[in-house]
1. Between GLU65 and ASP123, what's the calculated FRET efficiency when r is the beta-carbon distance and R0 is 22 Å? Round to 0.05.
2. Once you place label points 7 Å from the Cα toward the Cβ at ALA145 and ALA28, how far apart are they in nm?
3. Counting only DSSP beta bridges with both residues in the chain, tell me the antiparallel percent, nearest 5.
4. Once you place label points 7 Å from the Cα toward the Cβ at ALA106 and GLU216, how far apart are they in nm?
5. Which of SER180, SER14, SER74 moves the most in a Gaussian network model of the chain with Cα springs under 10 Å?
6. Expressed in nm to one decimal, what extension gain is obtained for the pair LEU175 and GLU88 from 0.36 nm per residue of sequence separation less their Cα-Cα distance?
7. Give the separation of the Cα centroids, the range 194-233 to the range 1-80, in Å.
8. Restricting to DSSP H runs of at least four residues, report the calculated mean residue ellipticity at 222 nm for the chain, -39500 (n - 2.57) per run over all residues, nearest 500 deg cm²/dmol.
Amino acid sequence: MLVIPAIDLDGGRSRIVYWPGAAAGIGAPTDRPDRIVERLVAQGATLIHLVDFDGARNGSPGNLEVVGAIASRSAVPLQLAGGLESPEAIQLAFAAGATRVVLTTAIADRPDDLRACLAVAGDWLAVGLDPRPERLAAFPWRRTAPPTVDALVGELVGAGVSRFVVAHGGTDPDLERVRSLVRSYDADILVAGGVRDLDGLRRLRDTGASGVILGEALLSGAIELPAALEAAA
């Protein structure tokens, strides 16, 4: 299972200061995303997940200069989420240095836009979703009734989506749900957040998930990246 460090970008900075030695009072903290990525890559990261909070708020990319700065300093694939709901936005993200993009669940209600985005991004496109029934029911769907998670994933796979970022709002991942998605669909299942220790990482690994996206747990030093890579292998 791939371990993917995540950085939340807000106003050109990381929302969480990276200080892996905080508990021991060693090391130097930084909120510069390019420096954080350099350190993570040096520890073995092979893919970085970036969340553009400004883009998510405004509906269009808001931290592309930061993406470019990271890409110029670290030769590692960058997966970008936030404000990427059109083919034009995806093209801008790729031009800045992103190599993968994540769209929101809302794209499922806009099949024409999804086709256009897939035409630009192809296999490098993922869709984010929260599989909890209450969250799916509360989502502002344009259709007459909210879909189940299986119906939604099946629909998107049928449309050409081959990667999903499954989030649980920071709560523990539903391991049985993740295992079911992995077994039922020919798609990469990446799980975002909810893993707080190495034992949780190993349990997620055993579901067959393709990857886990870790943000605060890594940036705070609660989990060290080399140990996470070993546990996920």
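No lab work stands behind these numbers, since they all come straight from the coordinates. Every value quoted in this text rests on a predicted model; they were computed, and no experiment measured them. Cβ sites come from the backbone with ideal geometry, for glycine too, and all protein chains shown count toward neighbours.
1. On the way: r = 27 Å, r/R0 = 1.21.
Efficiency at R0 = 22 Å is approximately 0.25.
2. That separation, rounded to one decimal, is 6.0 nm.
3. Working: 3 of 32 bridges.
Of those bridges, close to 10 percent are antiparallel.
4. 2.5 nm
5. Comparing SER180, SER14, SER74 in a Gaussian network model of the chain, the most mobile one is SER180.
6. Details: separation 87, 0.36 × 87 = 31.32 nm, distance 3.57 nm.
The LEU175-GLU88 span can extend by a further 27.8 nm.
7. Rounded to whole Å, the Cα centres lie 17 Å apart.
8. Working: 11 runs with 94 residues, N = 233.
That comes out to -11000 deg cm²/dmol.
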